[in-house]
Amino acid sequence: MTQTEQPAGPRMIAISSGKGGGGKSTVTANIAVAMAEAGLSVGVVDADIYGPSIPRMLGIAAEKPATSADQKVIPASAYGVKVISMAMLTDDDRPAILRGPMVTKYLQMFVRQVEWGALDVLLLDLPPGTGDIQLTLAQAFPLAGAVVVSTPQDVSLKIARRGLRMMEQVNVPILGVL
């Protein structure tokens, strides 16, 4: 592959689920740390703008991001993983009250305006469902694939299948189902 044929940036992998409380953030945090321990350079975008939890799971909930000289956001770091999250921009118990266009703006900022450095993988911890955020990410960024997370109950599995079908419809390969 020539220099011009190489994909720009890290491989982006979405971690998704049809409903909340199924373990997406736990899976994302564990995959990120395992990849970092295996020697990969890893970043995590906590794309669950309304219910961010990655910073708390990685013990960096109190960290506020700084900006570089070129006005890029400097992500927090824990266990060798770089992290950006709405939780770092607001107080822990303060809700993000945003309409769809602002959510999209934050997501694009989290991917494009963060000083990630040379990452191998950028994991996107998605919110539950198959709405605007999932569609925006699938259409705006070259996702290498998605991991779909579910609990074993029939209702949860049925909803997770909807999320899986949504990813298939927007041509995102399914890397696995947990």
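The values are calculated or read from the model by the stated rules, or taken from the named source; none is laboratory data. Values in this document were obtained by computation on a predicted structure and should not be read as measured data. All Cβ positions, glycine included, derive from the backbone under ideal geometry; neighbour counts span all protein chains shown. Keep in mind that these areas ignore ligands, DNA and RNA; they rest on the heavy atoms of the full protein, side chains included. Shrake-Rupley method; radii C 1.70, N 1.55, O 1.52, S 1.80 Å.
Numbers below:
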read-out: Some residue of the range 96-116 being in contact with a Gly (Cβ under 6 Å, 6 or more places away or on another chain), at pLDDT below 80 and closer than 27 Å to residue 174 by Cβ; value: no
read-out: Selected residue (only one of 138, 118, 160 is crowded, with 17+ Cβ neighbours inside 10 Å and more than 13 Å from the chain's Cα centre (by Cα)); value: 160
read-out: Hits in the range 17-64 (condition: more than 23 Å from residue 164 (Cβ to Cβ), of a type in the set (Asp, Glu) and in contact with a strand residue (DSSP E or B) (Cβ under 6 Å, 6 or more places away or on another chain)); value: 63
read-out: Any hit, the range 11-28, residues being at pLDDT below 95, of a type in the set (Ser, Thr, Tyr) and more than 19 Å from residue 174 (Cα to Cα); value: no
read-out: Residue that is farthest from residue 107 (Cα to Cα) [pool: residues in the range 34-57 that are open to solvent by 30 Å² or more (accessible area, probe 1.4 Å) and assigned to a helix (DSSP H, G or I)]; value: 37
read-out: Meets criteria (of a type in the set (Gly, Ala, Ser), without any contact (Cβ under 8 Å) to a residue 40 or more places away in the chain and not in a loop (DSSP other than H, G, I, E, B)) for residue 145; value: no
